[in-house]
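Data first, discussion second: the structure below is written as structure tokens.
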Amino acid sequence: MTTSTRLLTRKRFMPLMVTQFFNAFNDNLYKTALVLFVVYSVYNDEKQEAFFSGVASLLFILPFVLFSALAGQLADTRDKAAIIRIVKLCEIGWASLGAAGLFMAWQGIAVHTVAIPLLLAVVFLAAVQSAFLGPIKYAILPQHLRKDEVLPGTGLVEAGTYIAILMGTILAGFIDIEYAIVLVVLTSIVGYIVCRWVPDAPPQGNHELHFPLLEPYNEKTRNPILRWLGIVPVALADQVVMSWRLVKKTRDIREIWYAIIAISFFWTIGAVLFIQFPPLAKNQLLATPEVASLFLVIFSVGIAVGSMVINTLLKGEVSARYAPICVVFMGIFLVGFYFVCRAWIPNEAGELLPIQEWILEPLAIPLSLILLGISTAGGMFVVPLYAFLTTRCAPDAASRTIAANNIVNSLAMVTGSVVALGMTALGIPVAEQLLFAALMTVISAWLGKKLHKAEIEAAPARAAV
């Protein structure tokens, strides 16, 4: 805790944490305001609501698959702080477009034909920004922090991120849409101002960056099937190839590879839960948007708490020894969450309850505490794994390692989102889908055990260096 407190006063850390805070806050303010508004004000069918929530989540994940490889290369071969400033400047652009879309939807202007497609397009653009910022926020830490500060710094970034998610989610559920419209734009501007204070972080190796996108036109090197479609699909195809090669390279270090896979399964569970919360709150628990927002808040608080607890247990050491037991408890809490949801008795009037009335329901407090247990165990599981990614790789490859992690995470979350959408299409109730998330924790526990075994086997080699 002393190390963590000291870091919060250092210019080499605090501006980065605040920049990431505002980024996560704005992403979640916009996305949550969008989903809650559409679920509660546009659609009136559980399948349509779950489908829209899933599509929004899918669009937010896709850019991490397409652009993480390029983002990782840029971050390892260019000044990371300079990239942060460019990316945060772009945020002002998508925030302005998102505000316009929310205004149109609020005023009922071409809601289905223009407003909703625009809002979903902005979800994609926001994710593109996050895809380029993602490899930097963890990879920059070993460059600015001492070895014993990396785990506390990672925990603080993770905790700060989830506090930001918490605040963005609270505001999205509790303030009127017109205030959300203004706040999204203002936050993007403040975030850009803060990022100007992040210290320079020049590249740590002598790499020559390779851009397939900028190569001169060459008939022999271009895909003959896609040639007639032009540069854009060819460039995207090149990015997919780059992504595959980047992921393949990370498999050479077992500790890193197992950490990536374990993190991916965790975020698959998170993606499924975040898709389920709004329709679950509305249709199973008969609650207003504020309760759906409360679920997201509790989940975020738990991740932040788990981030700090695991740092205290490990005393700054980067280790996966607690990972298996943490994710086992997460699965147990998930099963408990399912049973409480199934036991929920709707109010006699069948009306949606505001949060002040919903919280007085007999099972509301147990349900909230179980959800807090899910997310706290999840935070304790995932935070040390992120520290693995930046401390077990070469210093000049940290951003690309994080980028590879983002690619695999994204593919796993896409898979989870598609499965959730498929279960909804098959008519499986949202509450029953919680059991799918619980099943995923079994695989995560096995991966955590494999990671800890790889960590023990690699310890003698690290000690000899």
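The values are calculated or read from the model by the stated rules, or taken from the named source; none is laboratory data. Everything numeric in this text was worked out from a predicted model, so none of it was measured. Because the Cβ atoms are built from the backbone with ideal geometry, glycine has one as well, and the counts that use them run over all protein chains shown. Heavy atoms of the whole protein, side chains included, go into the accessibility calculation; ligands, DNA and RNA do not. Shrake-Rupley method; radii C 1.70, N 1.55, O 1.52, S 1.80 Å.
Summary of values
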read-out	value
Carbon + sulfur, % of accessible area of the chain - ligands and nucleic acids excluded, 1.4 Å	68
Net charge contributed by nearby residues that have their C-beta within less than 13 Å of Asp148 (K/R +1, D/E -1)	+2
Charge tally in the Cβ shell below 15 Å around Asn28, where Lys, Arg are +1 and Asp, Glu are -1, Asn28 excluded	-2
Whichever lysines have a C-alpha closer than 24 Å to that of Lys137, once near sequence neighbours (fewer than 8 apart) are set aside	Lys11, Lys31, Lys80, Lys88, Lys147, Lys248, Lys249, Lys315
Counted charge near Leu363, where neighbours are those whose Cβ lies closer than 14 Å (Asp, Glu -1; Lys, Arg +1)	-1
Karplus-derived HN-Hα couplings along the range 301-315 (A = 6.51, B = -1.76, C = 1.60, θ = phi - 60°), whole Hz, x at Gly and Pro	4, x, 4, 4, 5, x, 4, 6, 5, 5, 5, 5, 5, 7, 6
Built amide H within the under 5 Å cut-off of Leu353, gap 5+	Ala287, Thr288
Loop-resident sites, the range 120-152, for trypsin sites (Lys or Arg not before Pro), counting at most 12 other Cβ within 10 Å (DSSP)	Arg146
Helix-only mean residue ellipticity at 222 nm for the chain, each DSSP H run of n ≥ 4 adding -39500 (n - 2.57), per residue, nearest 500	-26000 deg cm²/dmol
³J(HN,Hα), Karplus 6.51/-1.76/1.60, whole Hz, each residue of the range 382-388, x for Gly, Pro	8, 4, x, 5, 5, 5, 4
Accessible area per residue, Å², the chain with all protein chains present, probe 1.4 Å	41
³J(HN,Hα) computed for each position of the range 415-427 - Karplus, 6.51 cos²θ - 1.76 cosθ + 1.60, integer Hz, glycine/proline x	4, x, 5, 5, 5, 4, 5, x, 5, 5, 4, 7, x
Cα point-scatterer Debye curve for the chain, base-10 log of I(q)/I(0) at q = 0.07 Å⁻¹	-0.35
Per-selection Kirkwood Rh - the range 313-458 (Cα, Å, 1 d.p.)	17.7
The range 274-341 - convex hull of alpha carbons, volume per residue in Å³	88
Exposure ranking of Lys282, Lys31, Lys449 by accessible area [1.4 Å probe, largest first]	Lys449, Lys31, Lys282
